[in-house]
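Please treat every number below as a calculation from the coordinates, not as lab data. Model, not experiment: these values are computed from the prediction. Reconstructed Cβ throughout: ideal geometry from the backbone, glycine too, with neighbour counts over all protein chains shown.
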Amino acid sequence: MDAALAVARPIEIEARGLCYTRGTRVIMEGLSCVFPRGRISVLAGPSGSGKTTLLRMIACLIQPDRGAIRIDGEADVAQMGAAALRAFRRRVGMLFQGGALLDSMSVFDNVALPLREHSELGEAQIRGEVHRVFEAVGLEAVDDLLPGQLSGGMVKRAGLARALIEKPDLLLCDEPFSGLDPPTVRRIEELLQHVNESVGATMLITSHHTQSTLRIADHLVLLQDGAAISGATGELLREDPRVAEFFVEPPLRERANCAP
Amino acid sequence: MSPAASLRALGAGSLAVVRNLGRFTVFSLGLLVAGGRPPWRGRRLLREIYDSGVLSLVIVCISGVAVGAVLGLQGHNTLVRFGAEENLGAVVGLALIRELGPVLTSLLVAGRAGSAMAAEIASMKVTEQLDGLRMMSVDPLDFVGAPKATAMILSMPLLATLFTLFGIFGGYLVGVVVLGGDAGSYLSTLQDAVRFSDDVAGGLIKGLVFGVLVALIAAYRGFTAQPSSAGVSAAATSTVVIASVATLVSDYFITALWGY
C-alpha cells in the first residue's frame, strides 16, 4: 500500500427516494441507488440528468426536496447537525470539476490547507505530507505556482492532491476527465485506479466520458429520466439494453457482445 | 392593475424587504462572531488590510487634498465677505473632521475596496472555491469573510483620518500658499475650534461605523450573489449603491445622536 495514501474505513452510500426539482424541471423523481464500499462507482447519464446534483447532495452542498442519503446505513447527511457534518466531511475528499483551488494561494498552500486547519502537525511534517501526495498524483515543482499558472490536467491533479491529503474514506470526483486531452485523460484514469487500489476508499465519479467510464468503473449508475439504473459494470452492459444503448457505439456493441 | 393586485404586490415587496433584512442581520451576526473568535488568521488579515487599506491610500490622499483645496477656496471667498478669512482653518478643519472626512472616505472605499471584496467573494462562489472550503470542513465565513471584513473595519477610521489630514493640508495650500492667508491664523483657529471629545472622536466613530456597514454589505452581497458572471457584477454594483446610501443615511443618525 502506498504510504502517502494509507487508509481508511471506506464508506457505503445509499440514496433512497431522492426527489429534486429546479424551477419547473424535475431532475430526480424517487431516485434510489447504492454505492458499494471500497469500489469505483461511476455516475453516468445525459447532460442535465442530475449527476453533479447527486454528488453535491452526497457532499451535503445541496439538499434534496425529499428522500435520504444514508452513510453506512445510518446517518442521513441532510439531517446532520453542524458538528456531525464537519466530522463527515473530514472523511470525504472532493475533486471539483474546475479544481476549486483557492486562486489567491499557491498550489502548496492549497494542498496544505486541510492539514493546517485540522491537524497538529508542524510545518516540516506538513511539507513532507504535501510532497508525498504531490508525488502520488505526479506533480512536481509546483509549490510556489498559483492555480492560474497550471494547465487543466495539473489543476485536476492538484485538486486531487488536496482531496487526498487527509486520507479520505470517500472520494467524490466531479467530471475529472472533462476538457482534457486523451493522454491526460488516461493519466487521470490510471491515477484514480491507483488511488483506489492504494487507499481502498469508496470512489464516486461523475462522467460522460464513455470510454473512461467503461475502463475504470467497477460499479455503474446510469441516471435517466429522474431514476437510476445501477449494478456491476460488465453485468449491466450485458443485461440491460438501456445501458448498452447509452454506452456502446453500434460497431462496438457487437464486439462487446451486448444486448442491442 | 386592480387595487387588490397592487395591495398584494405591495405586501409581497414589503415581506421581501423584511426577509432580506432578517437574513442580512443573521449573516452579519455570524460574520462578526466569526471575526471575534479564534483561530486568528494574522497573515490573511494583514493581506486583506493591504488590499482594502494600503491600496486605497493613493485615492484617499489625492481626494483629501482636492476636497480640502476646494473647501479652502470656497471658504476663503465666503469668509472674505464677512471679514472673517482668518477663520478658514476652523471652517476647513471642522467640515473635514466632522463630516467630509469619514463620509467621503466611506464612499471612496465602498467604490474601490467594497466592490472588489464583493466581486472576489462572488467569483469564489462561481468557481466553487467556497464549496471547496466547506468540503475541507473550513467555514468560508470564517476563512474568507471575517479577515476581509475585519480589515475593512480597521482600515476605514485610519483612512478617514488620513483623508482629513490631507484635506487640512489642501485647505492650507489654497488658503495660505495660493491666496496669501496667514499661516498662523489658519493653524491657530483650527486648533482652537477642534475639540477631541466632540469632533475628533465623533469623526472616528463615524469612520468605524461606516467601516462596519461597508464591510458587512460587501460580504453579504458577495456570499449571496447568484453563481454567474452577471451575479458577480451585480454583487459589486449593488455593494457600491447600498453601501453609499447606508453611509449617507447613517451619517444623519450618528450626527443627530452624537449631539453636534
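One table, with the values for the structure above:
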quantity	calculated
For chain A: Kirkwood Rh in Å [reciprocal of mean 1/r, alpha carbons]	18.9 Å
Dipole of chain A [Lys/Arg +1, Asp/Glu -1 at C-beta], most positive-end residue of A:PRO10, A:VAL155, A:VAL130	A:PRO10
Distribution of pairwise C-alpha distances over the protein assembly as shown, 20 Å bins, in %	19, 41, 26, 12, 2, 0
Cα lying deepest toward the dipole's positive end in the protein assembly as shown, options B:GLY64, B:ALA246, B:ILE121, charges on Cβ	B:ALA246
Estimated inter-spin distance, A:ARG90 and A:ARG242, nm [label 7 Å along Cα→Cβ]	4.0 nm
10 Å Cβ shell holding at most 13 others, DSSP loop, GluC sites (Glu not before Pro): longest site-free stretch of chain A	A:141-260
Among A:SER178, A:SER47, A:SER198: highest mean-square fluctuation, GNM of chain A, C-alpha pairs under 10 Å	A:SER47
Radius of gyration, Dmax [region B:41-258; alpha carbons; angstrom]	19.8, 70
DSSP-defined beta bridges in the protein assembly as shown - what % are antiparallel, rounded to 5	55 percent
Residue among B:GLY111, B:VAL177, B:SER197 farthest towards the positive dipole end of region B:41-258, charges placed on Cβ	B:GLY111
Cα-centred dipole magnitude for the protein assembly as shown, charges only on beta-carbon of K, R (+1) and D, E (-1), debye, nearest 20	780 debye
Residue among B:ALA122, B:ALA146, B:ALA34 with the largest mean-square fluctuation in a Gaussian network model of chain B, springs linking Cα atoms under 10 Å	B:ALA34
FRET efficiency, 1/(1 + (r/R0)^6) with R0 22 Å, evaluated for A:GLU74 and A:LYS167 via beta carbons	0.55
Cβ-Cβ FRET estimate between B:VAL70 and A:ARG116, R0 fixed at 60 Å, reported to 0.05	0.75
Projected label distance in nm at B:ASN77 and A:ARG25, using a 7 Å step from Cα toward the beta-carbon	6.1 nm
Trypsin sites (Lys or Arg not before Pro) within region B:195-260: DSSP coil, no more than 12 neighbouring Cβ in 10 Å	B:ARG195
Values of log10 I(q)/I(0), in the order q = 0.21 Å⁻¹, for region A:129-260 under a Debye, Cα-only, solvent-free model	-1.24
Modelled FRET efficiency - R0 35 Å, A:ILE62 with A:ALA232, Cβ distances, 0.05 increments	0.75
Percent antiparallel among DSSP beta bridges (both partners in chain A, rounded to 5)	55 percent
Cα-centre dipole for region B:41-258 with unit charges at Cβ (Lys and Arg positive, Asp and Glu negative), debye to 20	500 debye
Per residue Cα convex hull volume in Å³ - calculated over region B:87-171	71 Å³
